[in-house]
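The values are calculated or read from the model by the stated rules, or taken from the named source; none is laboratory data. The model shown is predicted, which means the values in this text are computed figures rather than measured ones. Glycine gets a Cβ as well: all are built from the backbone with ideal geometry, and neighbour counts include every protein chain shown. Ligands, DNA and RNA are stripped out before the accessible areas are found, and what is left, the full protein with its side chains, is counted by its heavy atoms. Shrake-Rupley method; radii C 1.70, N 1.55, O 1.52, S 1.80 Å.
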Amino acid sequence: MIRLFKFFRMGASDRHLLIMTLILLATIRLGLWLMPFRTLLKVLAKISRQSDRLQVTQVSVGKISWAVKAVSRYMPGVKCLARALTTQVLMNRNGHSCELRIGVAKGEKGILEAHAWIEHEGLIVMGYLTDLSRFMPLPSLEGVKL
């Protein structure tokens, strides 16, 4: 209940960002479940284009990261790939360059593990792990024909 009060006390732009993030994250999570990955990437590429309408204020990278993390806490089952894709769409729509990175590693029992994260200007803005260095990044999807 206290969190609901905080939501209504925050500024309209923050509320709008959280609502848009919630809708986008839920849609991407559903898309990952129902669609082939290539098809989902095509759809996300279309909605990722920077908004043509004049934006009064551009949402900062920090605010986007905050919103995705905040919304993720209240959506059960959200994994790193859905968070990374959501962050990528929001950053692209706000004119921030970023790169989706996916890495793989062998776990302690020899089981293949994967992790997704977003990099912006050489820094990880979504999906940071303390042991991220153990993941071998796959080739970038940048420029791949979908």
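Contact annotation: residue pairs with Cβ atoms under 7 Å, 6 or more positions apart or on different chains, pairing a residue in segment 102-130 that is more than 25 Å from N92 (Cβ to Cβ) with a partner that is open to solvent by less than 30 Å² (accessible area, probe 1.4 Å), are A105/F135; E113/A105; E113/G107. Looking across segment 96-106 at every residue that is of a type outside the set (V, I, T) and assigned to a strand (DSSP E or B), the one that is surrounded by the fewest Cβ atoms within 10 Å (Cβ to Cβ) is identified as K106. Scanning segment 107-128 for residues that are open to solvent by 60 Å² or more (accessible area, probe 1.4 Å) and farther than 20 Å from S97 by Cβ yields E108, K109, I111, L112, E113, A114. Return yes when G110 is at positive phi and modelled with pLDDT under 95 and no when it is not. It is true that G110 is at positive phi and modelled with pLDDT under 95. Consider segment 56-95 and keep the residues that are part of a loop (DSSP other than H, G, I, E, B), open to solvent by 60 Å² or more (accessible area, probe 1.4 Å) and not charged (D, E, K, R). The one that is modelled with the lowest pLDDT is V56.
Taking the conditions (1) closer than 20 Å to M35 by Cβ; (2) more than 15 Å from the chain's Cα centre (by Cα) in turn, D131 satisfies each one other than (1). What residue, among those in segment 14-42 that are open to solvent by 50 Å² or more (accessible area, probe 1.4 Å) and closer than 14 Å to L90 by Cα, is modelled with the lowest pLDDT? Result: H16.
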